[in-house]
Every structure is written in C-alpha cells, then in structure tokens.
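Beneath this line is the structure, given in structure tokens, with notes to follow.
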Amino acid sequence: MKYEILKTNPNPTKYEIKPLYGLDPDESKAMAKRLRWELFNAEYYAYLFKIKDIDIIQKFLPPPLKTMTAMPLLNLFVQQLNLNDGKGNDGLNMGYYENITGAFADFNGTVGFYPIAIFIESDIGAMAGREMIGTQKKVGQFEYKKDGNKFSCKTIRRGITLVEAEGEIEPKELDSRILTELLEKPTYHLHQVMGPLLGHDGPYYAYKPRLMKLWAKVNKTHSFRSMDNVKLGFHESPFDPICLLKPSEIIGAFYLKADTSISLDLEFKELDEEKMIPFLFAKYDPF
C-alpha cells in the first residue's frame with residue numbers, strides 16, 4: 001500500500017488548538033460571554049419591499065401570528081468586523097455577517113416582526129439563536145464589498161446564491177427614528193424542540209412549542225442615511241424558498257451604523273402542538 005501523510009498547515013489564528021469536549025469548567029462558563037448579541041459600529045443595510053402575492057406570507061407565519069398586509073416586508077443585511085469588542089480574528093470569528101428576511105405580524109394586537117429566514121456566518125451564532133430562542137437561523141456564506149459609498153453583498157447557502165443586494169449610501173444624515181422604530185418592535189420566534197421518539201409513533205415535541213419574544217435596542221446611532229441606485233433579488237433554492245417572497249417593488253432602502261443589543265422577554269406563550277406540526281421542519285432542509 002502506498003500512502004502519503006500531508007503536511008499539516010500551521011494554525012492561522014491566535015487561539016490554542018484543543019478538544020472542544022471536556023473543557024475546563026471555567027472555560028466553558030466563559031463561553032457564555034461569547035454568545036451575547038452585542039454589536040458595536042455594526043452596519044445595517046435595510047430594504048423595505050412589497051411582493052405581489054400577499055397571501056403567501058401567512059403560510060410562513062405560525063398561528064396565532066397574523067399578516068399585516070398594509071406593511072412592507074424587510075430584508076436586513078448586517079455586518080460587523082469587531083464582534084464583542086474583538087478586532088478581526090481577535091473576535092469571535094473573522095467577522096459577523098447576518099441576513100434577515102421577514103414580515104411584520106400582529107400578535108394579540110401588538111405589531112412585531114417575524115423573521116422568516118435568517119442566514120448567519122457561524123455555527124455558534126446559529127446555535128445561540130435557533131437552539132436557545134427558536135430563531136430561523138441557518139449557517140450560510142457571505143460575499144461583502146464596500147468601496148466608498150457603494151456596497152454589495154451576496155448570501156449563499158449550499159452553493160446557491162439566495163440573496164443579492166447592492167446600493168449607494170447617500171451623504172445626507174437623516175433622523176434615525178425612521179428605522180429604529182421598526183427595529184425596536186418586538187420580534188417573534190417559534191421555539192420548538194422535537195421529541196426523542198419523533199418518527200416512531202412517539203410525541204412530536206419534547207415540550208410544547210412556544211412563541212418567544214425578543215426586543216432589539218439601538219443603543220447609539222453613528223450614522224443613518226438613505227440609499228439610492230439599489231438592487232435586491234432573491235434566487236431559487238429548494239433548501240431555502242425565500243424566492244417565494246421575491247420583491248415586486250422596493251419602497252425604501254436605508255443604511256444604519258449603530259451599537260445594538262437584544263434582550264429576551266421572559267414571558268412566552270405555549271402554542272397548540274397540532275397546529276404547529278406544519279411548522280416543525282421550517283428551520284431544517286427538506287432533503
């Protein structure tokens with residue numbers, strides 16, 4: 001038998017290489033600090049848009065959420081290169097990228113935001129949202145460029161480009177309340193944990209599905225401007241069917257640079273298990 005052992009590349013990071021199991025208890029507890037969602041000087045590119053088939057939005061919303069037909073949908077791209085006060089590779093990873101697409105919805109008379117799809121660049125980011133709170137996060141890849149006032153980004157998953165966006169940031173500063181009032185509305189998330197015997201005539205859930213509520217906070221606004229010459233498109237993928245929400249008209253596009261954080265509302269509503277079964281696999285690939 002002929003074989004060759006390839007030369008090991010040196011560690012390109014500042015972090016020690018060690019097993020991820022059996023960590024020292026203090027090290028494990030310290031990981032909690034790396035899970036907090038606190039962004040500084042983050043850049044938000046927000047697109048408010050309409051779609052032709054308003055009725056399809058309700059298919060993405062778990063009851064008891066109801067579509068707000070008079071309000072546009074929102075696609076939000078977020079980037080930050082100094083997550084949790086780190087600088088580049090000294091932070092949680094090589095940077096923070098997230099793409100959120102969702103709709104405004106009514107829950108018991110309160111208008112909030114329901115993220116239909118969230119793509120994020122890291123496993124730990126996806127886990128911190130989806131497993132702990134129920135957010136619609138999946139790990140994706142991102143191509144982001146910014147040259148002066150021009151920017152472009154692509155959100156890619158499983159080799160398929162899902163979202164493309166670009167635009168030019170206008171020089172005039174605006175009143176940031178236009179956007180922060182939208183961002184600071186409650187965001188709703190469906191938290192479901194499958195039962196251990198799912199598929200073997202066992203219960204569908206380990207415990208009842210719950211509707212969670214988060215509150216975003218814009219702690220400091222560094223810049224808020226409109227964007228022009230914007231482009232936004234959703235592409236087809238069987239894994240992530242957000243193309244069903246493809247824009248028919250862009251009614252607003254904004255750039256926000258800000259310090260932001262989130263907090264969890266400790267009150268949650270338990271939901272009907274049977275009514276939630278159609279949403280059980282909404283966060284997983286269908287194949």
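Quick rundown of the values:
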item: Length gained when the stretch K275-K59 is fully extended (0.36 nm per residue, less Cα-Cα span); result: 76.5 nm
item: Net +/- balance of residues flanking I116 in space, Cβ distance below 13 Å, scoring K and R +1, D and E -1; result: +4
item: Å³ per residue enclosed by the Cα convex hull of the stretch 1-72; result: 371
item: Rh by Kirkwood over Cα pairs, then Stokes-Einstein D for the stretch 196-287 at 1.567 mPa s and 4 °C, µm²/s; result: 73
item: Computed [θ] at 222 nm, deg cm²/dmol, the chain (DSSP H ≥ 4; -39,500 (n - 2.57); rounded to nearest 500); result: -2000 deg cm²/dmol
item: Average projected area [Cα convex hull, the stretch 164-237], square nanometres; result: 8.5
item: Magnitude of the charge dipole, the chain, Cβ model with Lys/Arg +1 and Asp/Glu -1, debye to 20; result: 240
item: Per-residue SASA entry for I51, accessible area with 1.4 Å probe, Å² rounded to 10; result: 10
item: The chain: most fluctuating residue of L182, L264, L23 per GNM, C-alpha cutoff 10 Å; result: L23
item: Accessible area of T69 in the full protein assembly, 1.4 Å probe (Å², nearest 10); result: 100
item: 5 Å-binned pair-distance histogram of the chain (Cα, whole percent); result: 1, 5, 10, 15, 17, 17, 13, 9, 6, 4, 2, 1, 0, 0, 0
item: Computed Kirkwood radius, in angstrom, where 1/r is averaged over Cα pairs of the stretch 121-278; result: 18.5
item: Gaussian network model of the chain, springs between alpha carbon atoms under 10 Å - residue of Y205, Y44, Y21 with greatest fluctuation; result: Y21
item: Heavy atoms of D123 accessible to a 1.4 Å probe, total area in Å² rounded to 10; result: 120
item: Linear extension gain, Y15 paired with S223, 0.36 nm per residue minus alpha-carbon span; result: 71.5 nm
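The values are calculated or read from the model by the stated rules, or taken from the named source; none is laboratory data. From a predicted model like this one, the values you see are computed outputs, not experimental measurements. When we count neighbours, we look across all protein chains shown, and the Cβ atoms used for this are built from the backbone with ideal geometry, even at glycine. These accessible areas exclude ligands, DNA and RNA; they are computed on the full protein's heavy atoms, side chains included. Shrake-Rupley method; radii C 1.70, N 1.55, O 1.52, S 1.80 Å.
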